[in-house]
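Report on the structure given below.
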Amino acid sequence: MQIQETPTEYHDGLFDRLFIRLFSRKMANAVGQKTSLKGYDGFVDLSQKIMKGRSADEQQALVAIVLKSLVPAPVLWLIRTLFSPTQLVCELNAWFATILFEWLVGPCEVTEVTVMGDDGQPRQQKSGVHMQRCRYLEQSRCVGMCVNMCKLPTQQFFTQDFGIPLTMTPNFEDFSCEMVFGAPPPELSTEDCYQTPCLANECTMATANGQPCPKVRE
């Protein structure tokens with residue numbers, strides 16, 4: 001898999017810079033290291049430091065600590081207790097995601113998706129989020145970082161800590177990604193990303209025979 005495109009240019013506003021700084025500080029505290037890089041570059045550099053020398057489970061656990069540190073435990077408990085994953089709740093989460101996550105993943109929009117209702121019947125609702133070209137994936141160029149540092153921890157955070165099921169499906173061909181609130185995440189081994197090889201000419205671990213990314217399977 002080979003990516004040869006001009007990187008997207010981003011012009012972070014005040015809101016974006018504040019979120020980048022907040023997350024970077026939380027990550028630096030969790031990993032016990034700092035970065036000499038500024039802005040989003042520093043954020044990605046800290047992600048790489050978290051990955052270095054840690055298994056997939058250890059990476060995900062550390063990111064989980066960072067995510068939980070952003071929301072007080074009593075607030076998480078109240079959300080789980082008072083809000084069930086109804087259509088309205090899932091649609092509101094999708095709408096908020098397009099606003100709160102844009103600094104992290106770039107431009108995104110709400111989409112209509114099909115999810116299974118409590119009655120076991122499929123229903124249409126606007127609880128999907130389409131990321132046109134994920135900023136985090138584009139800059140990191142790493143399958144393992146995408147899966148271990150973003151996809152799996154975020155799914156677990158919303159599904160278990162918020163009580164709102166979430167499935168994320170990255171596309172390593174065009175760097176887009178789909179989020180579906182209200183859809184329980186499937187087993188990783190059944191997903192395409194589990195079989196995805198490292199990006200050719202982007203990762204030193206990429207092999208000529210296209211073996212799946214070892215960081216995802218550690």
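Points to keep in mind about this one:
- Kirkwood hydrodynamic radius (C-alpha pairs) into Stokes-Einstein, region 136-181, 20 °C and 1.002 mPa s, D in µm²/s: 197 µm²/s
- Between Lys52 and Glu173, the modelled label-to-label distance comes to 3.5 nm, taking each label 7 Å out from Cα in the direction of the beta carbon.
- Report summary: the helix-based calculation at 222 nm, which adds -39500 (n - 2.57) for every DSSP H run with n ≥ 4 and divides by the residues of the chain, gives -12000 deg cm²/dmol.
- On the principal axes of its alpha-carbon atoms, region 1-134 has extents of 51, 40, 34 Å, going from largest to smallest.
- An ellipsoid equivalent to region 138-218, defined through the eigenvalues of its Cα gyration tensor, has semi-axes of 24, 12, 11 Å when rounded to whole angstrom and sorted largest first.
- Most fluctuating residue given options Ser84, Ser47, Ser24, as computed from a GNM of the chain linking Cα atoms under 10 Å: Ser84
- Across region 188-197, coupling constants 3J(HN,Hα) worked out from phi with the 6.51/-1.76/1.60 Karplus curve, θ = phi - 60°, read 4, 5, 8, 9, 4, 5, 6, 9, 6, x Hz, and Gly and Pro carry x.
- In region 14-217, the convex hull through the Cα atoms has an average projected area of 11.8 nm², a quarter of its surface area.
- DSSP assigns beta bridges within the chain; of those with both partners inside it, close to 95 percent run antiparallel.
- Förster radius 41 Å - calculated FRET efficiency between Arg217 and Ser84, Cβ distance, rounded to 0.05: 0.75
- Modelled spin-label separation between Asp118 and Ser69, with each label point placed 7 Å from Cα along the Cα-to-Cβ direction: 3.7 nm.
- Tail weight of P(r) past 19 Å, computed on alpha-carbon pairs of region 94-161, percent: 43 percent
Only the coordinates and a few stated rules stand behind these numbers; no lab work does. Note that the structure is a prediction, hence the values are computed from the model and not measured. Because the Cβ atoms are built from the backbone with ideal geometry, glycine has one as well, and the counts that use them run over all protein chains shown.
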